[in-house]
Amino acid sequence: MKYLKDVVTLKLDLDKCIGCQMCVNVCPHSVFEMNNKKAKIVDRDACMECGACAKNCPTKAITVKSGVGCAAGIINGILKGTEPSCDCSDGKSCCG
Amino acid sequence: MSAITRINSRLSLFDRLGAMMVRLSFNRSDYAVEPGLYALNNPTPDSPVFVSANYKLSFDIVRSSLLGFGAWILVLDTKGVNVWCAAGRGTFGTVELVNRIKLTELDKVVGHRKVIVPQLGATGIAAHEVASLSGFQVVYGPVRAEDLPAFIHDNFKVSGEMRQVRFNLKDRLTLVPVEVVHYSKYLFLLLFFFLLLSCFFKVDPWLAVINLVVAYLCGTVLGPALLPAIPGRSFAMKGALLGLAGIIFTVSRLALFDQLAWLLLMSTISSYLLMNFTGSSTYTSPSGVQKEMRLAVPLQIAGLALGIILYIAARIIG
């Protein structure tokens, strides 16, 4: 299944990449592969911006704007004038 | 040293009933286990350590997947939320993992210095930071607990298949009961509103009731079930198309205004509901959801308003 084309904020700085493969290990959609001892983005549109790769990149070679991806959370954010948030008024999660 | 609870892999009838209730959306946000270290099936200091969340459903899946296998389960305090969602909000995170390792004095319980973290926890955990803060190396395990036996058998190596999240028919159908229950308050609100209108204009309410329920089921049951088969990529678009398809069954005999009204109302309701399913899907990006919402939400508001106006107009012209 593929989502919208050319929307994701994923960026890879090859100069900073040390080829540790952590991004390949943690990506749930096989967005990365190794190529000449460096990471390479092979399926950009499959990225769901979960942020696991950036979080586990020891040299900060990867950046991605990750966050709440559900429509309810985005509407919640618009209504409250904040960033998208899962938290409902009762302090518990809508998406347990 | 804090107390270690001894457990086994067997799920009791109570565990299975609890899981079923949660899947049906009862007591979903209050199904937790105590954080801490658990000894599963009499482990030794050499046994591996699996990290999990204190959502009972997550915990039970891990321990039942490790049938008869001696292991330690380190349960983080994720406020009763599953690994992936908790990782997204940071409660299943570097700080909590490092603190829990220290609180349970894991370094005195096991001889090795490795913790196996479910891959979907990587959103909240920075492996290199855990290593420098606790001395424990993070090994990312498979996405699904059911792959743990193969992972162990393969000398703690993850295959490509084990790394990928799926969203197959079974995965999507598992989510349907929660969708149906979660949005039912909106359905009842709409039903109530149209029943009031029917009373006011003294017309038979059944057509409105059937159309609303059909649109609701399009967005909460058919949409998730048929997701890959519906044309388009945007969930709001897929939902609108399903709502339009739903109309075929009900309004062929109606006057023009009523047809237009239900065309708008049913596609809008189904579109809104399926758009919300992006939150349950495993492949939509926040940037993508925001992009489709910028177009879809104004159209949905207009569709709902215009639909109601046309419905009332049809009654007045009658």
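The values are calculated or read from the model by the stated rules, or taken from the named source; none is laboratory data. Note that the structure is predicted; figures quoted are calculated from it, not measured. Positions of Cβ are backbone-derived with ideal geometry, glycine not excepted, and every protein chain shown enters the neighbour counts. Note: accessible area is taken over every heavy atom of the protein model, side chains too, but ligands, DNA and RNA are not part of it. Shrake-Rupley method; radii C 1.70, N 1.55, O 1.52, S 1.80 Å.
Observations
- Selection of the stretch B:280-296 for residues being under 22 Å from B:VAL213 (Cα atoms) and either buried (at least 22 other Cβ atoms within 10 Å of the Cβ) or modelled with pLDDT of 95 or more (or both) yields only B:ALA296.
- Residues located in the stretch B:263-288, provided they are farther than 21 Å from B:LEU173 by Cα and more than 8 Å from chain A (Cβ to nearest Cβ): B:LEU263, B:LEU264, B:LEU265, B:MET266, B:SER267, B:THR268
- When B:VAL139, B:VAL110, B:VAL176, B:VAL203 are checked against the criterion of being farther than 25 Å from B:THR284 by Cβ, of a type in the set (A, V, I, L, M) and touching a helix residue (DSSP H, G or I) at 6+ places or on another chain (Cβ under 7 Å), B:VAL203 stands alone in meeting it.
- All positions within the stretch B:52-65 that are of a type outside the set (Lys, Arg) and either over 20 Å from B:ALA19 (Cα atoms) or touching a Ser or Thr at 6+ places or on another chain (Cβ under 6 Å) (or both): B:SER52, B:ALA53, B:ASN54, B:SER58, B:PHE59, B:VAL62, B:SER64
- Residue check for B:PHE193: assigned by TED's automatic domain parsing to the domain that holds B:ASN276, farther than 27 Å from B:SER285 by Cβ and in a helix (DSSP H, G or I): yes
- Residues of the stretch B:73-93 classified as closer than 12 Å to B:SER9 by Cα and out of contact with any helix residue (DSSP H, G or I) (no Cβ under 7 Å at 6 or more places or on another chain), total: 0
- Candidates are the residues of the stretch B:113-137 that are in a helix (DSSP H, G or I) and in contact with a Pro (Cβ under 7 Å, 6 or more places away or on another chain); the one that is least open to solvent (accessible area, probe 1.4 Å) is B:GLN119.
- Residue match in the stretch B:67-76 (condition: of a type in the set (Phe, Trp, Tyr) and under 23 Å from B:ASN8 (Cβ atoms)): yes
- Options B:GLY232, B:GLY239: the member that is within 13 Å of chain A (Cβ to nearest Cβ), open to solvent by less than 10 Å² (accessible area, probe 1.4 Å) and more than 27 Å from B:ASN82 (Cα to Cα): B:GLY239
- Considered as a group, the residues in the stretch A:1-58 that are within 23 Å of B:HIS128 (Cα to Cα) and of a type in the set (Asp, Glu) include one that is farthest from the other protein chains (Cβ to nearest Cβ), and that residue is A:ASP15.
- Taking every residue in the stretch B:34-53 that is over 14 Å from B:VAL115 (Cβ atoms) and pairing it with any residue that is charged (D, E, K, R) and assigned to a loop (DSSP other than H, G, I, E, B), at least 6 positions away or on another chain, the pairs with Cβ-Cβ distances below 6 Å are B:PRO35/B:ASP77.
- Taking the criterion of being in a strand (DSSP E or B) and open to solvent by less than 20 Å² (accessible area, probe 1.4 Å), the only residue of the stretch A:20-34 that qualifies is A:PHE32.
- Top-ranked residue of the stretch A:61-77 - restricted to ones that are more than 9 Å from chain B (Cβ to nearest Cβ) and at pLDDT below 95, ranked as most open to solvent (accessible area, probe 1.4 Å): A:ASN76
- The residues on offer are B:LYS157, B:LYS185, and the sole one that is more than 18 Å from the chain's Cα centre (by Cα), closer than 22 Å to B:ASN276 by Cα and among the charged types (D, E, K, R) is B:LYS185.
- Residue within the stretch A:47-60 that is at pLDDT 95 or above, part of a strand (DSSP E or B) and of a type in the set (A, V, I, L, M, F, W, C) present: no
- Here A:ALA39 fulfils each of the conditions (1) crowded, with 22+ Cβ neighbours inside 10 Å; (2) within 15 Å of the chain's Cα centre (by Cα); (3) not hydroxyl-bearing (Ser, Thr, Tyr) apart from (2).
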